[in-house]
Amino acid sequence: MMKTTKYILATALLSSALFFSACGGKDGSKSEASDQELPYQERVDKYIKSLTAADTTEVLTLCSSFLTELQDGHVDEAARSLYQVDSLGQARPVTEKTIQSLRRRTRLFPVVSYSFEEMSFFLPLENTVTYKVVFRQSTPPATMGWGFRPVKIDDKWYLTLLEASKN
């Protein structure tokens, strides 16, 4: 029983990570272009110093609002808050294919409850937020991880899903 649960959870995590590829590309702002010339750690330090408590609050609100919509069974409403970053560094709404996949996933693994796990800021397109999501109440509860990659483009936050290759 325990091996089966671990296998299901591992499979769910892997499939969800593969399913949710959401962002890539570059931020199109001029300051980002000049920042590219700086060493990586200096860019990270400069970016982190530019963030405020309001940024943290906004990112957490985007993530929790998305998960709450799923918890309430409003998959399409949740999907409207998701974006993908195109090759030009612009945020675009997710595709219908992604929305259909999200519908299938939430039918198999409904969001019963969720809890915040971790948040990391590095660069405008390299931030991560992770949550533990309960999809079946049992003892212990059946859970899986959800990863988000909130991106900041032109001083606006967009919620994208964490790619499997960028975990």
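Data table
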quantity: Flag for PHE121 being under 25 Å from GLU42 (Cα atoms) and within 17 Å of the chain's Cα centre (by Cα); calculated: yes
quantity: Residue count, the stretch 72-99 (criterion: touching a Lys or Arg at 6+ places or on another chain (Cβ under 6 Å) and within 17 Å of VAL111 (Cα to Cα)); calculated: 1
quantity: Criterion (small (Gly, Ala, Ser), under 16 Å from the mean Cα position of the chain (by Cα) and exposed (fewer than 15 other Cβ atoms within 10 Å of the Cβ)) met by exactly one of SER101, SER115; calculated: SER115
quantity: Number of the exception - GLY89 against (1) in contact with an Asp or Glu (Cβ under 8 Å, 6 or more places away or on another chain); (2) at pLDDT 95 or above; (3) open to solvent by less than 20 Å² (accessible area, probe 1.4 Å); calculated: (2)
quantity: Some residue of the stretch 14-30 being open to solvent by 70 Å² or more (accessible area, probe 1.4 Å), at pLDDT below 85, more than 21 Å from MET144 (Cα to Cα) and of a type in the set (D, E, K, R); calculated: yes
quantity: Residues of the stretch 146-167 satisfying the condition of being under 16 Å from PHE66 (Cβ atoms) and either open to solvent by 30 Å² or more (accessible area, probe 1.4 Å) or in a loop (DSSP other than H, G, I, E, B) (or both); calculated: ARG149, PRO150, TYR158, THR160, LEU162
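The values are calculated or read from the model by the stated rules, or taken from the named source; none is laboratory data. These figures come from a predicted structure and were not determined experimentally. For neighbour counting, all protein chains shown are included, and Cβ atoms are generated from backbone atoms with ideal geometry for every residue, glycine included. Note: areas computed on protein heavy atoms with side chains; ligands, DNA, RNA excluded. Shrake-Rupley method; radii C 1.70, N 1.55, O 1.52, S 1.80 Å.
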